[in-house]
Amino acid sequence: MNSEKKLIDENMLEALLYLSRLAPSSVDLKTLKNQTEQIVAYLDILSRFDDSENPYDAYPSTDADSLREDKIEKGLDIPDLKKMTAEFMDGYFRVPKVLGEGA
């Protein structure tokens, strides 16, 4: 890792403003430069803890044999559904309106 402090120069600041779609007139450039340098310094600290080994070690694999067995079970028949509610018509349940007229 490079031990020298990375400074944000004017070209870098202009590129960041372009990428963020900020206008130079709408931003205090000195404050933005200081904040960007703080972010870069923080990322340098985080990079010390870089664990570039296998990133998938954090997620244990699951053996397909240990999953539950797929079983098809009988569901409800249409006549049974009609007995459950009077709000059943043409194969659908009528439900309360969720969205208003303006939505």
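FYI, it's all coordinate maths here, none of it is from the lab. Quick caveat: nothing in here was measured; it's all calculated off a predicted structure. All Cβ positions, glycine included, derive from the backbone under ideal geometry; neighbour counts span all protein chains shown.
Descriptive notes on the structure:
- If R0 is 35 Å, the Cβ-Cβ spacing of ASP63 and ALA23 corresponds to a FRET efficiency of close to 0.05.
- Using a simple spin-label model with pseudo-atoms 7 Å out from Cα toward Cβ, ILE72 and GLN35 lie 5.8 nm apart.
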